[in-house]
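Accompanying notes for the structure given below.
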Amino acid sequence: MDLRETFATNLRRLRSARGWSQDELAFEAKISRGYLSLLEKGEYYVSIKIIGRLADKLDVEPDEFLKRSAKRGP
């Protein structure tokens with residue numbers, strides 16, 4: 001999994017854990033829902049500025065978006 005996919009997976013996970021829709025997070029982070037959707041699909045690269053906004057609104061440290069999950073099984 002590359003970093004863009006890792007970011008996308010973590011963004012979806014963190015947003016869902018907060019119980020927010022894409023519309024809600026996009027509104028709070030002042031980005032379009034379409035852009036957020038593309039980030040969650042791993043289709044766009046994200047800027048540091050946007051990572052900061054998303055981390056702030058999701059109440060997490062920015063590095064949470066780049067943490068890779070532990071591999072399962074062989």
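Bear in mind these aren't lab numbers, they're just calculated from the coordinates by the rules spelled out. No experiment lies behind these values; they were computed from the predicted model shown.
Structural remarks
- Size of the chain: Rg and Dmax of its alpha carbons, in Å, are 11.9, 42.
- Integer Hz, Karplus 6.51/-1.76/1.60 couplings in order for segment 49-55, x for Gly and Pro: 4, 6, 4, x, 4, 5, 4
- Entry note, the chain: relative contact order of 42 percent, from Cα contacts under 8 Å with a spacing of 6+ residues.
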